[in-house]
Each structure stands twice: as C-alpha cells, then as structure tokens.
Amino acid sequence: MAEVIVHSRFTDFDINLFKSGKHYRLYEKFGSHITTVDGVEGVYFAVWAPSAKHVSVIGDFNFWVEGEHQLNVRWDSSGIWEGFIPGAGKGSKYKYKIQSNNNDIKTEKADPYARRSEHNPKTASIVWDEPYTWKDSKWMKKRKKHNALDAPYSVYEVHLGSWKKKVDEGRFMSYVEMADELVAYVKDMNFTHVELMPVMEFPYDPSWGYQVTGYFAPTSRFGYPEEFKLLVDKFHQNDIGVLLDWVPSHFPEDAHGLGFFDGTALYEHPDPKKGYHNDWKSLIFNYGRNEVKSFLISNAIFWMDQYHADGLRVDAVASMLFLDYSREDGEWEPNMYGGNENLEAMSFLREMNEAVYASFPDVQTIAEESTAFPMVSKPTFMGGLGFGMKWMMGWMHDTLEYFAKEPVYRQFHQNDLTFSMTYAFTENFMLPLSHDEVVYGKKSILGKMPGDEWQRFANLRLLYSYMFTHPGTNLLFQGSEFGQSSEWNFETSLDWHLLQYDPHKGAQELIKDLNTLYKTQPALHEKQFSAEGFEWIDYGDAKNSVFTYIRKGNNEKDDLIVACNMTPIPKENYKLGVPRKGKLKEVFNSDLKKYFGSGQYQNKVKTTKDEAWHFRDQSVDIAIPPLGMVAFRYEKVIVPKAKMKVVKTPKVKAPTKTKTTKKVKAKTKK
C-alpha cells in the first residue's frame, strides 16, 4: 500500500460549522487541493462518507487500484475521510472507492467538490488549480447599481451547447470562442444580463444540464475552468451581468454521482416520498440534514466567489416547496402541521438567500416558482423566502394563450391580459419567455402566432413590445429575438441563416431597440416592482382590443404613455385621455419599416386638447398601427398661466418732515 500522509485543512471550528449546517465555504476544505507537506508536493483529498468502512482514492497515479491510497477517517465523528498523497498533482484523474458499513456495499464516486471533470461520457474527477487574473474590477465595483431592483434588467437566456456550433467541424464552440462571439452579440443586442443554462458538469446532454453530477466544476464540454472564467470576465468587461442556472432541487442517479454515495442515502432524503422525483427519475436532496445544507449553500456561494457570477436563477423551486408536488394521494405525507409545505426546504431556501446576500449584497437570486406560493421575493425577516425576484409564470401562460388566438376573438379575452395587473406587484416579478416555452411540441414563439407571415411577425413584435413595457424585468430565450421558426433543438445550432430575410432581421432590430428603450426610459425600470409605476388609461376597450396605460418613474416628466392595438385594423384617430397638457412625442413604434412593419402609421408631435376623455381633462388623437404598439413621452409640459386680478396700489403721500423740538430747560423762580 502506498503512503497516505496524515494531513488536514479542517479546524475544530470548521467541523462544528459543518455539523451545524453553517459552513458556507466548504469548497476551501473538501475536494482535492494541490499542496506541499514537509517539502513534498502532492494533493490533499477530503470527502464526506460517514457510513464508510474504507475510502480509497483511485486514479491514474495508482493505476486505479483500490486500497493503494486509503484515506484516514477523522476522530470527531464528522464522517470526513482525508489525507495527503505525494506524487499526485494537477491533471491527475481520480475517484473515490468507498466500502460501506451497510452490507459492505462498494461504490465508485466522482468527487462532489471536484473543480474539473472528464469530458463525458468519461466520469472521473480531475485535480485542478489554475490561477486566473480577473480584469473586471470596474464591473465588480459598480455592479450593485446594475443589479439593483430599480435598474434595467433585460436577460438573454442561453444554452451554450446550441447557441452556435462549429457546424463544419462538428463540435461545440469553446468558452474562449464564446468570449468573443457570444459576448459581442449580447452587447450588440443591448441586453443587460445573460443567463446561462446549467454549466455545472452533467453526464447527459438531453437533460440540458439540469441533471448535475459535478456541482463545483464547469462542464468540460466547452473547455477548462479558467476559460469559463474568461467568458464571465469578458461579459463583465462589456458591462453585461452573468446569471447562472442553479439546480438544488434534484440530482441524477448516475453511478458516479451523489446518489447512494457511501452505500446509504447520504445527500438524498431516505424516504422516497420526499427523496425521489417520479417525473424526472431523479433524487431529491435531504434539506433537513445539516451537512447537505452546508454543501448546497457552499455551492451557491462558490459560483459568486470563484466565478464572479452576478446571481443565480434557482430551478424548480415549486418542486422543493410542496410535498405533494406531482404526487397522487398516498404518495406523500403532510408536514407536522398537516400541510403540504416542505418546511425543511423552505428553511433551506431562506438560509441560502440570507447567506448569499450577506456575502454578496450586490447580486440577485431569482426563483423559477410556478405556483401562487406567497412572499417568494420578500425578505426573510418578513416571513418571505428572501429571493430578489420571481418568474411571473402566470403572465407568461396567459399572454401566450392570448396571442395564439386569432385577433377577431381577442375582444372576448381582454381579461386574459388585464388580469396580470391584479397581482403584478405582489412579488418582484421577472417576465420570462424561456426555453421551456419552445420545446416538446409547444412551437417556437413565432410559431405560436396566428395569421399570414406579415401578421405573425407583427404579432411577435407586438408581444415583445407589450412585454418590455409591462411592469417587471424581462427574459428572452436565444433564437426568440430573431423569430426562430422551428422549436429549439439542443442538438443543433440556432437557425442563424434566417437573418438574411427581412422579417427575421426586423424582429432582431426590434429587440435591440426595445432593450435601448427599456434602459434609457426611467419610467420602464425605476418603479418596475411598484404599483406607483403603472396606471391604466383604459383597459376596457374590448371592442377595439386596445390597451392603453402609463408607465411612471421617479419624476413625472419621464412618464411613458403606451397604446397597444391587438388587431390588424389600424386605429388612425384613436382618442386617448392623457394626464397633463403638453406636447407628446412618439418614442417607439413597433410598425416601423426597419422592423418589417408597414411604416404608415407614425405619429408626429401631438399637442393635447382641452377635451376630457378617459376621465381626464386632456386628450389627444393618435394613430395606433395594426398589431402594433406605440409609446409617447411628453416633449413639453404646458403649464397654464394663472389668471391674476391686477389690483392698483393707491398713491400714498410721503410723510412730511417734522422739526425736532428742542428741549428747553425751564427757568424756575426762586
């Protein structure tokens, strides 16, 4: 047996924190770390396997022979096995061979804390420690401003494996290549942030990354860990924030993964009613186990600490919150209060958000939560879950259902769109048109639109224009910005050739300009989560299928007046009540020729009239294009002069000067 030197990176304080579930930087301790002990270079290994009888490190440095390098178990009942192996080094491939006390079951596992993994289908972990010099200091100093809740937040969702492929070479683009092409594209499109579907190592391409086996390793499909840092760095240097999809809701049963790690249910909940997803055939974390909580929270912190991520979009939160999620009667058990809430998961999510914001107050956590669970984006001290934002799934479903209808029927479904405003400010909502809406027979966003080619693209432009002027932040999946015709296919590149055609090029130009509008008009973002930032002008014109509303910022001079015509019939003299007297300038029109619109219904500067309409003293006649949106801003507010009665001041004679009387001392007779 080769020598394993007794060595530890853990202090007693680390162990106490780990056992209590309060150690949030476990990646500094667990895993493989290149180091020198007594002048000898090698690698320190540490793994948590409390039910193990023996743990060996097997790798290319010992010909994968079990027992050659047996780790030492700590004496403190922490379940941690550790040791220093001379001769191992950067690039060494390894796994843990674990013999369990549970019936001597043997497992062969990748390192849960590995910083790099082999390219699939290979599954070994790789010792890695490559220093990287960040060049994003300017971004990091000011990102609090860019990630604030009153800042423009327009997100481009990307699947790195299919955004663009090197088709001629039959391969993925690398992180380095994307640092040039993808960054340049997102910047040109004027998005403020990019969201990357899971980049953590995963074994199965059709899972899109949502079945994670390497929580601390960027996938090797596209390059080395430091090259992924380069990609994030380049986004930051171009003033673009980076959000990462994060999956604490479940993990796969792959033999080298976290499942049944030490011959027992270690990371997963031992009760299948709480520990197994029937839909996804995957395992659910045991949120009530302190060491598991520390693992997950450390992982959330890791991506912001080591990779400068600007936030996490947390996947499948609804599946975590409810014990009966996708389960029939008898397949779940209520909590101690008789309810269906998973109290342990709720506690974990609160603790995770508190830990993230305590260390990185200038980032955002965003919940993909599809139910009406209350206070998801409210602070934990108020009883909320503590997320910064929540996806507005109800808006997404209702809006897409409305736009799929032929315009002639929309007059009967006016409430489908107006309903969102009844709950729009109960959470900090992000409006998502995500990857989930363009797969599995749902059609592309363009494919959902009715009518001939012109109408489909006009509907698409109208949908996006309505989305960007609705309260909340925005997210758009790759390909949707130029009207991808077919559903998203993770195996192929986006249909970039479509941009040679005017309708698709026009849709792309529209998104560029909507992003600019959103960023430059304070009324669209300063109060995007507040009811003070929105006011209906008229939501009841179902006959014409017209919606009109005002978006408001901190200063009323920045107010934006928006009108949407949901029919192909132009409204050439549409009378609109407006809040103040003045001149209105058109600042956006979705029907411009450069967007593949008609270009026939543009508005010159409009002066309001003293004619009451929509319960307002002032009104204006505007043109609303067919299947179009127009937005106006006051170019000049006219303040009426107050009529004052002139009162003549009477003339007053100046006072005459009086002589000062001298005091005369009286002469008295004696």
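The values are calculated or read from the model by the stated rules, or taken from the named source; none is laboratory data. Worth saying up front: this structure is predicted, and the values here are computed from it rather than measured. Cβ atoms come from the backbone with ideal geometry, glycine included; neighbour counts cover every protein chain shown. Note: accessible area is taken over every heavy atom of the protein model, side chains too, but ligands, DNA and RNA are not part of it. Shrake-Rupley method; radii C 1.70, N 1.55, O 1.52, S 1.80 Å.
Which of the residues spanning region 257-269 are open to solvent by 20 Å² or more (accessible area, probe 1.4 Å) and either touching a Ser or Thr at 6+ places or on another chain (Cβ under 8 Å) or among the hydroxyl-bearing types (Ser, Thr, Tyr) (or both)? PHE260, THR264 - these are the residues of region 257-269 that are open to solvent by 20 Å² or more (accessible area, probe 1.4 Å) and either touching a Ser or Thr at 6+ places or on another chain (Cβ under 8 Å) or among the hydroxyl-bearing types (Ser, Thr, Tyr) (or both).
In region 619-639, the residue that is farthest from the chain's Cα centre (by Cα) out of those that are modelled with pLDDT of 95 or more and open to solvent by 20 Å² or more (accessible area, probe 1.4 Å) is ASP621. In the set MET336, MET320, MET304, which member is part of a loop (DSSP other than H, G, I, E, B) and either over 24 Å from TYR210 (Cα atoms) or open to solvent by less than 10 Å² (accessible area, probe 1.4 Å) (or both)? Only one candidate passes the filter, namely MET336. Taking the numbered list (1) over 30 Å from GLY384 (Cα atoms); (2) open to solvent by 10 Å² or more (accessible area, probe 1.4 Å) in turn, PHE419 passes all entries but (1).
Of everything in region 553-580 that is small (Gly, Ala, Ser) and touching a Phe, Trp or Tyr at 6+ places or on another chain (Cβ under 9 Å), the residue that is nearest to ASP591 (Cα to Cα) is ALA563.
Taking every residue in region 209-224 that is closer than 12 Å to SER174 by Cβ and pairing it with any residue that is open to solvent by 20 Å² or more (accessible area, probe 1.4 Å) and assigned to a strand (DSSP E or B), at least 6 positions away or on another chain, the pairs with Cβ-Cβ distances below 6 Å are ARG221/PHE172; PHE222/PHE172.
Return the residues of region 339-354 that are under 20 Å from ALA316 (Cβ atoms) and assigned to a helix (DSSP H, G or I); say none if nothing qualifies. Once the filter is applied, which keeps residues that are under 20 Å from ALA316 (Cβ atoms) and assigned to a helix (DSSP H, G or I), region 339-354 yields LEU343, GLU344, ALA345, MET346, SER347, PHE348, LEU349, ARG350, GLU351, MET352, ASN353.
Scanning region 279-298 for residues being open to solvent by 20 Å² or more (accessible area, probe 1.4 Å), closer than 20 Å to ASN335 by Cβ and either touching a Gly at 6+ places or on another chain (Cβ under 6 Å) or modelled with pLDDT under 95 (or both) gives a total of 2. Considering region 583-613, and only residues there that are part of a loop (DSSP other than H, G, I, E, B) and in contact with a Ser or Thr (Cβ under 8 Å, 6 or more places away or on another chain), the residue that is surrounded by the fewest Cβ atoms within 10 Å (Cβ to Cβ) turns out to be ALA612. Residues in region 557-582 that are part of a strand (DSSP E or B) and of a type in the set (Val, Ile, Thr): ILE561, VAL562, VAL578.
The number of residues in region 552-567 being touching a residue at least 40 places away in the same chain (Cβ under 8 Å) and open to solvent by less than 50 Å² (accessible area, probe 1.4 Å) comes to 10.
Test LYS138 against the stated conditions and say whether it is out of contact with any Ser or Thr (no Cβ under 9 Å at 6 or more places or on another chain) and either at pLDDT below 95 or not hydrophobic (A, V, I, L, M, F, W, C) (or both). Against the criterion (out of contact with any Ser or Thr (no Cβ under 9 Å at 6 or more places or on another chain) and either at pLDDT below 95 or not hydrophobic (A, V, I, L, M, F, W, C) (or both)), LYS138 qualifies. Scanning region 65-77 for residues that are surrounded by fewer than 18 Cβ atoms within 10 Å (Cβ to Cβ) and over 10 Å from VAL55 (Cα atoms) yields VAL65, ARG74, TRP75, ASP76, SER77. Looking at VAL55, VAL65, just one residue is touching a residue at least 40 places away in the same chain (Cβ under 8 Å) and within 25 Å of ILE105 (Cα to Cα), and that residue is VAL55. Flag not set for THR418, criterion: of a type in the set (S, T, N, Q) and over 21 Å from LYS543 (Cβ atoms).
When MET467, MET430, MET375, MET449 are checked against the criterion of being open to solvent by 50 Å² or more (accessible area, probe 1.4 Å), aliphatic (A, V, I, L, M) and either at pLDDT below 95 or in contact with a Leu (Cβ under 7 Å, 6 or more places away or on another chain) (or both), MET375 stands alone in meeting it.
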